[in-house]
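Colleague: Got a structure here, written out as structure tokens. Questions coming.
The values are calculated or read from the model by the stated rules, or taken from the named source; none is laboratory data. Just so it is clear, the model here is predicted, and its values are computed rather than measured. FYI the Cβ positions are ideal-geometry reconstructions off the backbone, even for glycines, and counts take in every protein chain you see.
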Amino acid sequence: MNLKMIEEEYLDYFLVPSGLVVLGIYHLWLLFTIIRHPTTTVIGLNAISRHQWVHHMMSDPAKNGVLAVQTIRNNLMASTLLATIAITLSSLISAVVSSSNSLIFTIHTTKYLSVLICFLVAFFCNMQSTRYYAHVSFLLNVPSSYDDDVRGEFVEYVAQHLNRGGLYWSLGLRAFYFSFPLLLWIFGAIAMLACSFLMTILLYFLDTASSSPRCFRTCVVKQDHRNTDVESAVYSMGTDWTGDSNIHRSLLGGSKLHSTCDTNVFPSA
């Protein structure tokens, strides 16, 4: 019996870090791709689309106000639902851990604590997403009583906050994805490693935008050549899509960057 427990501990020491390394390498690659080639990722395209949506909604608040608020309300409900699920699961795991008679820090308690941390991170991110969406919901209908320059800066401010909410939404979902391998770790290190590989493959297809029509990717970039928000690219066009994603600015609240776009990459009709 002791020999079996020792073998399981060795599996935990080698297979679990291997699974975490696989997930970590994939997300480092994803971060690099978002920064350098944002239009090949779903996160980058969604950020550009949100930026264009804000400009369209605020171009005529009297006409588009109801639609804008309803759309933000749907996002608020989704964020609230995920936050509720996350804090409920966190409470259940906390109850299971606290009901244990042994307070010794073991591999078994580490499994539950790692899952608990994932759910707490998901709760925090979804609450922040709810915060930004609620803030944007009334900014969208601010009367356009400013001149063009001030109004343009205000629209960019609203688009930036909407993309910050979208970023926290993405991080919250990512925390839920991370919890799956850690939950299977309870049943063994082999199950955790297998789930890590399967989750990486699944996330690759969910995160990449290779299935999106190229005409859509070209159009959103062409129409968004003045984009300066978070998650979106500051484009420097060449033979391939390149850019700077500015994801860190969503968390640090940095100043705006001015984007550039080479219109020669778009063939004339």
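Colleague: Which of the residues belonging to the stretch 6-58 are polar (S, T, N, Q), under 15 Å from F205 (Cα atoms), assigned to a helix (DSSP H, G or I) and touching an Asp or Glu at 6+ places or on another chain (Cβ under 9 Å)?
Modeller: Once the filter is applied, which keeps residues that are polar (S, T, N, Q), under 15 Å from F205 (Cα atoms), assigned to a helix (DSSP H, G or I) and touching an Asp or Glu at 6+ places or on another chain (Cβ under 9 Å), the stretch 6-58 yields only T33.
Colleague: For the list (1) within 22 Å of the chain's Cα centre (by Cα); (2) modelled with pLDDT under 65, I need the number of the one condition that G165 fails.
Modeller: Of everything listed in (1) within 22 Å of the chain's Cα centre (by Cα); (2) modelled with pLDDT under 65, G165 misses just condition (2).
This table checks each residue for (1) farther than 29 Å from L193 by Cβ; (2) in contact with a helix residue (DSSP H, G or I) (Cβ under 6 Å, 6 or more places away or on another chain).
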position: L28; (1), (2): no, no
position: P38; (1), (2): yes, yes
position: H51; (1), (2): yes, yes
position: A83; (1), (2): yes, yes
position: S90; (1), (2): no, yes
position: A95; (1), (2): no, no
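Colleague: For the stretch 16-46, give me the residue count where each residue is under 30 Å from I107 (Cβ atoms), crowded, with 19+ Cβ neighbours inside 10 Å and hydroxyl-bearing (S, T, Y).
Modeller: Result for the stretch 16-46: 0.
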